[in-house]
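Reading through the structure tokens given below for one structure.
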Amino acid sequence: MALKALVSGGLRCPTCGKPIEPEWVACPYCKSRLILSTPKAVPVNVQTAQLSAIWIGYVFILALSGLAVLQTLAYIGSWCIVI
């Protein structure tokens, strides 16, 4: 398993030192497997990320509100039993 090495003059196979192309998965000269040293970045839609954060906030607030309502009903219910 060989890694691509960036040497002056372009990419070279780290096993045999021959020039290679970025899209190659194996060196055509020595047949060594070539692995990209850095993964390509995936573009992120900022608006979608912001909307996701907003929805998570809404869900959290609704969960807390629902918990408060349940606690209030339980408290009222305990008083109904006493009376």
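Using amide H atoms built 1.01 Å from N in the peptide plane, name the residues 5+ places from R12, or on other chains, whose amide H lies under 5 Å from its own. So R12 has HN proximity to A5, V7, I20.
In this label model, V59 and L11 are separated by 3.9 nm, measuring between points 7 Å along each Cα→Cβ vector.
Proximity of backbone amide H atoms, modeled 1.01 Å from N, is registered between A26 and L34 at under 5 Å, excluding neighbours fewer than 5 places apart on the same chain.
Taken together, the values in this text are just the output of simple stated rules run on the coordinates, not laboratory data. Source: prediction; values computed, not measured. Backbone-built Cβ (ideal geometry, glycine too); neighbour counts: all protein chains shown.
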